[in-house]
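Below: the structure, in structure tokens.
The values are calculated or read from the model by the stated rules, or taken from the named source; none is laboratory data. This one's a predicted model, so the numbers in the text were calculated from it and none came from an experiment. Methodologically, a virtual Cβ is constructed for each residue, glycine included, from the backbone with ideal geometry; neighbour enumeration extends over all protein chains shown. We work out accessible area using only protein heavy atoms, side chains counted, and drop any ligands, DNA or RNA first. Shrake-Rupley method; radii C 1.70, N 1.55, O 1.52, S 1.80 Å.
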Amino acid sequence: MIPIAHFVAVTFYLGAAAIAALPFARPLRAPVNAVVAALLLGVGAHVTALAGLTRQAGAASLTGLGPGLSFAGLVLAISLVIVESLAREVSLTLVAAPVAALVTVAGNLAGMHPFLEPQGARAVWLATHIVLSFVGIAAYATAAAAGTMYLVARRELKSAHFGPIFRFFPPLDTLDRVNHLASIAGFLGLTLGLALAAAYSFQYRALVLPQIIWGIGAWAGVSALVLGRVLRGWQARRAALMSAVTFASVIALYVVFRIASLNRGQFL
């Protein structure tokens, strides 16, 4: 049941990306409703898969590498539904939906096996930290995707090459607004998630150094982005560049830690 539901979710995520790409092939209006519907069907299947895992493993079902990656894909897909519904655009789906599908597939290949089995309030505490942290990372990823698209569209505008990319992408102001709001959401999610993680580590003496370093690195990246815009008045181009570069650095740091980690069953 769980692998089948994941397969259905991945299929709908890739289908949403394919639908979003249709205006590149022929002149069509952005198929917002169809893309959002496909994403919602994928999210529904994904929720069904993780709900089944929770019934099997309990409140700590998201602690393993596979479940953690799967949940990251789900949160990214939900973030995408919210952004595309509000902006009434589908171009972000071209980038983020395949990423959500890839992360979900990676989670299934790693295996849906929770790493820890805490009970009661400890399990709820740990699960809340995981959920908030992944919400923050998904929002950060959304900001980075919007920032990358902003840079591409701006380059098209500066070169006066008004091809399909420029015509299909949302206005620069929309991409900048998505980048700004998503970075704030990422900052809030990661701040709360890290605060719970620090308190959990102190209370239960469960310190995992790579997780702490990576979490602080991700928080520092999104914090620098938010503070740069709010306090130093960064313009849209600089904020877009910083969001893309810092998020890529966070992903690279994760890959390094995964390669070096001896805890193969953990997210880090």
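In whole Å, what is the distance between the alpha-carbon centres of segment 1-80 and segment 142-158? Segment 1-80 and segment 142-158 have Cα centres spaced 25 Å from each other. Taking Cα centre as origin and charging only the Cβ of basic (Lys, Arg, +1) and acidic (Asp, Glu, -1) residues, the dipole magnitude of the chain rounds to 440 debye.
Close amide H partners of Gly64, meaning residues 5 or more places away or on another chain with modelled amide H under 5 Å apart, are Phe115, Leu116.
Comparing Val81, Val245, Val222 in a Gaussian network model of the chain where C-alpha atoms under 10 Å apart are linked, the largest mean-square fluctuation is found at Val245. Applying the Kirkwood pairwise sum to the alpha-carbon positions of segment 133-246 produces a hydrodynamic radius of 14.9 angstrom.
If you take all C-alpha pairs in segment 1-120, what percent of them are over 23 Å apart? It works out to 31 percent of all Cα pairs. Under a Gaussian network description of the chain, with springs only between Cα atoms under 10 Å, the residue in Leu14, Leu231, Leu62 that fluctuates furthest is Leu231. In terms of accessible area, using a 1.4 Å probe and ignoring ligands and nucleic acids, Phe202, Phe168 rank largest first as Phe202, Phe168.
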